[in-house]
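The values are calculated or read from the model by the stated rules, or taken from the named source; none is laboratory data. Everything numeric here is computed off the predicted structure, so don't read it as measured data. Ideal geometry is used to build each Cβ from the backbone, glycine not excepted, and the neighbour counts take in all protein chains shown. With ligands, DNA and RNA removed, areas are computed over all heavy atoms of the protein, side chains included. Shrake-Rupley method; radii C 1.70, N 1.55, O 1.52, S 1.80 Å.
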Amino acid sequence: MPIHDNVFARIESLLEGEDDWISAMSTVVCELHHSFEHFHWTGFYRTVKPNILKIGPYQGGHGCLVIPFDKGICGAAAKTGKTQDVPDVHARTEHIACSSSTLSEVVVPIKNSNGQVVAVLDIDSDLPAAFSAADISFTEHLCQYLGAKYF
Ligand code: SME
């Protein structure tokens, strides 16, 4: 089984019968962070009030605690509801550098049944253009699954 399918199957199995969103996010970041060597920071930001994201469960160094929708790549994903695939973070002026070693990142929104962004999954890498098309479609599939299961 290809690695992405394997990880997805493990997450489905780990979350079977789990209805607590915090427990789910914590389990998902742990599984992702330890399954992919190029994921150097893996975490969730949650929409806690209109246009404000706050950090959720993560693995890696400290992340910024609060990101408004009009700031950062995370904010762009939350505001537009679209995946942000950033092969070179220095090419995006709005990028917030929580770690100076980050070179590329992908941020995928998680939506509720009304299409509102309830959280984003942010994955940062110290490698340039680290994320493959398979990584992106896998994270999008995962975020759709989480949105449908928990919201
Ligand atoms: N790089 C993100 C900020 C979050 S951290 O890097 C953990 C952004 O530009 O939104």
key: Matching residues, segment 1-21, being surrounded by 12 or more Cβ atoms within 10 Å (Cβ to Cβ) and within 21 Å of Ala119 (Cα to Cα)   = Val7, Phe8, Ile11, Glu12, Leu14, Leu15, Glu18, Trp21
task = Being near the ligand (Cβ under 8 Å from one of its atoms) and either free of Cβ contacts under 8 Å to residues at least 24 places away in the same chain or not in a loop (DSSP other than H, G, I, E, B) (or both) is the filter; apply it to segment 87-118 and report the residue that is nearest to Arg46 (Cα to Cα).
result = Val107
task = Within segment 119-136, track down each residue that is among the small types (Gly, Ala, Ser) and in a strand (DSSP E or B).
result = Ala119, Ser125
ask   = What is the residue count in segment 66-84 for residues that are within 19 Å of His33 (Cβ to Cβ) and open to solvent by 70 Å² or more (accessible area, probe 1.4 Å)?
value = 0
remark   = Of the residues in segment 70-86 that are within 10 Å of the ligand (Cβ to nearest atom) and of a type in the set (Val, Ile, Thr), the one that is nearest to Gly147 (Cα to Cα) is Ile73
note = Note on segment 41-69: residues more than 15 Å from the chain's Cα centre (by Cα) and away from the ligand (no atom under 11 Å from the Cβ) are Val48, Lys49, Pro50, Asn51, Ile52
